[in-house]
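So the structure is just underneath, and the comments pick up after that.
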Amino acid sequence: MDKFVIRGGNPLRGTVRISGAKNSALPCMAAALLTDHEIALDNIPHVRDIETEKRLLTSMGAEVRIGTGEASNCTTICCRNLSDPVAQYEIVKTMRASSLVLGPLVARMGLARVAIPGGCAIGGRPIDLHIKGLEKMGATIEQAHGYIEARASKLKGTHLVFDKITVTGTEDLLMAAVLAEGESVMENCAREPEVVDLAALLVAMGAQIEGAGTSTIRVQGVKSLHGAHHRIIPDRIEAGTFLIAGAITCGDLIIAECNPDHIRAVIGKAEEAGARIDVLSAHSVRVQSDGPLRAADISTEEYPGFPTDMQAQYMALATQAEGVSGIKENIFENRFMHVQELVRMGANIRVDGRTATVRGPSRLSAAAVMCSDLRASASLVLAALVADGESILDRVYHMDRGYERIEEKLRNVGAEIERLGNVFAPRPAEARAK
Ligand code: UD1
């Protein structure tokens with residue numbers, strides 16, 4: 001298992017380029033299931049989750065060629081010869097977003113078998129709303145042997161109101177609705193930029209969609225979809241993570257090839273915490289800080305609110321801010337796995353239910369710490385960048401799920417970070433036995 005060795009203390013200076021959004025690339029790749037023509041996608045990030053999605057689509061008979069070299073190189077997917085509409089447990093268990101194939105498979109093939117995702121590090125994360133929506137569109141759902149089987153000879157347009165805002169749920173049912181018979185009206189939809197990006201691809205494929213990016217989406221079903229060429233939006237969570245990296249290290253970073261509009265909530269909080277942010281263009285932002293940082297509260301919300309996927313990284317910043325920062329996690333239960341590791345590095349954090357209270361500033365000292373999920377890993381990297389001495393981060397495979405060449409990008413702007421590969425690390429059971 002790879003590890004990162006990070007020596008803290010360097011301010012980050014220079015320019016960092018943001019990759020394509022993993023959370024947009026995943027549904028856009030799944031959308032290729034809706035047509036037997038080729039879908040070409042630019043700006044697919046080279047991260048582990050994309051490899052997993054490729055494995056998933058390939059296991060169903062799709063031809064997937066991931067663009068190599070520069071991230072912007074074109075990836076092509078062709079689902080002409082789909083043979084097996086099954087998302088196997090072996091794949092789903094490593095990437096919960098695999099449930100995004102449920103809607104497109106039923107819409108295109110009339111049948112989908114998708115393994116039920118297990119619990120994961122950040123809470124139960126059910127897919128009941130995906131299932132409920134498909135049932136409303138006329139699918140029959142059965143559950144057996146750990147799989148959900150959805151069948152429908154033809155999905156029917158419907159009026160549905162999501163009980164709760166769900167990002168992948170909105171995307172999954174949007175993909176189902178585009179090939180359903182008649183009109184679908186979906187209310188209380190997620191308004192995330194990734195939903196808008198998926199809708200743009202679907203429209204380029206011939207779908208009729210109105211309202212993506214608002215809470216009500218209307219779809220007129222069409223008989224079939226054609227091929228399309230689409231560019232994936234920049235990753236707003238990667239951009240936000242580098243914004244915090246610039247602020248926490250008292251650096252001067254230009255974050256290029258991002259969409260500043262998509263990170264307004266993070267920009268607002270970083271400013272409140274004392275960083276200077278300049279939006280240089282529609283594609284770049286500069287962050288500067290010469291300290292001291294000030295405490296500011298955050299409360300995670302659906303877009304356009306402060307993203308839950310930035311909560312852990314913001315907490316690292318809060319450990320360096322003067323005063324008391326309240327951090328409320330409203331989207332997921334149990335998303336404070338990074339707290340214990342930050343505390344081991346010297347942070348002063350108390351958790352009470354869904355609220356963490358951070359008292360700062362704390363002098364962080366380097367330690368051996370364990371990554372528990374994707375964004376928690378990012379939080380530990382940020383803490384290590386300002387800690388006194390050399391930290392060792394274990395299980396960086398979590399980070400590799402969603403951050404492209406993170407150590408290279410950080411090194412280019414002055415961080416001391418090294419990857420140790422193939423290092424022996426005991427498996428959890430062995431570790432517990434000792
Ligand atoms: C997506 C993102 C993830 C982000 C999250 C919230 C992808 C691939 N992942 O995850 O990075 O953290 O949005 O912004 O885009 N829920 C239900 N029933 C369902 C579906 C969801 O109760 O059927 C609940 C969840 O448990 C959670 C809340 O709804 O409490 C929001 O989850 P959701 O928006 O679905 O998250 P994901 O789409 O899985």
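Remark on the range 158-293: ratio of C-alpha radius of gyration to 2.2 N^0.38 Å is 1.30.
With every protein chain kept in place and ligands, DNA and RNA left out, what is the accessible area per residue of the chain? Probe 1.4 Å, answer in Å². Walk me through the numbers before you get to the answer.
Details: 17330 Å² over 434 residues.
Averaged over the residues of the chain, the accessible area is 40 Å².
For the range 252-408, state the semi-axes of the equivalent ellipsoid (square roots of 5 times the eigenvalues of the alpha-carbon gyration tensor), sorted largest first and rounded to whole angstrom. Write out the running numbers ahead of the final one.
Numbers: eigenvalues 98, 66, 57 Å².
Equivalent ellipsoid semi-axes, largest first: 22, 18, 17 Å.
So, with +1 on the Cβ of K and R and -1 on the Cβ of D and E, and no other charges, what is the size of the charge dipole of the chain about its Cα centre, to the nearest 20 debye? Could the numbers behind the result be given before it?
Values: 48 positive and 54 negative charges, 120 e Å.
Charge dipole, the chain, about its Cα centre: 580 debye, nearest 20.
Between Thr357 and Met1, full extension at 0.36 nm per residue minus the direct alpha carbon distance yields a gain of 124.9 nm. Rounded to the nearest Hz, the phi-derived 3J(HN,Hα) couplings of the range 35-44 under the Karplus curve 6.51 cos²θ - 1.76 cosθ + 1.60 (θ = phi - 60°) are 9, 8, 9, 7, 10, 10, 10, 8, 6, 6, where x marks glycine and proline. Summing -39500 (n - 2.57) over the DSSP H runs of n ≥ 4 in the chain and dividing by its residue number, what mean residue ellipticity at 222 nm do you reach, to the nearest 500 deg cm²/dmol? That comes out to -8500 deg cm²/dmol.
Heavy atoms only, probe 1.4 Å: what % of the accessible area of the range 216-340 goes to carbon and sulfur, would you let me know? Present the calculation step by step, with values, prior to reporting the outcome.
On the way: 2250 of 4730 Å².
So the carbon and sulfur contribution to the accessible surface is 48 percent.
Residues whose amide H comes within less than 5 Å of that of Gly9, counting only those at least five positions distant or on another chain, are Val386, Ala387 (H built at 1.01 Å from N in the peptide plane). Report, to the nearest whole %, how much of the accessible area of the range 64-209 belongs to carbon and sulfur atoms, 1.4 Å probe, protein only. Answer for the range 64-209: carbon and sulfur cover 48 percent of the accessible area. Against the main long axis of the alpha-carbon atoms of the chain, helix 193-204 sits at an angle near 30°. What is the helix-to-structure angle for 48-59, meaning the angle in degrees between its Cα long axis and the longest Cα principal axis of the chain, kept from 0 to 90 and rounded to the nearest 10? Helix 48-59 and the main axis of the chain meet at about 20 degrees. Ordering Ala177, Thr58, Leu243 by the projection of their Cα atoms onto the charge dipole of the chain, which places +1 on the Cβ of Lys and Arg and -1 on the Cβ of Asp and Glu, puts Thr58 at the extreme positive end.
The slack in the chain from His283 to Arg411, taken as 0.36 nm per residue of separation less the alpha-carbon distance, amounts to 43.9 nm.
In sequence order, the range 339-351 has phi-based couplings of 4, 4, 6, 5, 5, 4, 8, x, 6, 10, 9, 10, 10 Hz under the Karplus curve 6.51 cos²θ - 1.76 cosθ + 1.60, θ = phi - 60°, and Gly or Pro positions carry x. Counting only alpha carbon atoms, the long axis of helix 236-248 and the longest principal axis of the chain meet at about 0°.
Label-to-label distance, Asn348 versus Lys156, with points set 7 angstrom from Cα along the beta-carbon direction: 6.3 nm.
The values are calculated or read from the model by the stated rules, or taken from the named source; none is laboratory data. Everything numeric here is computed off the predicted structure, so don't read it as measured data. All Cβ positions, even for glycine, are placed from backbone atoms using ideal geometry, and neighbour counts span all protein chains on display. Heavy atoms of the whole protein, side chains included, go into the accessibility calculation; ligands, DNA and RNA do not. Shrake-Rupley method; radii C 1.70, N 1.55, O 1.52, S 1.80 Å.
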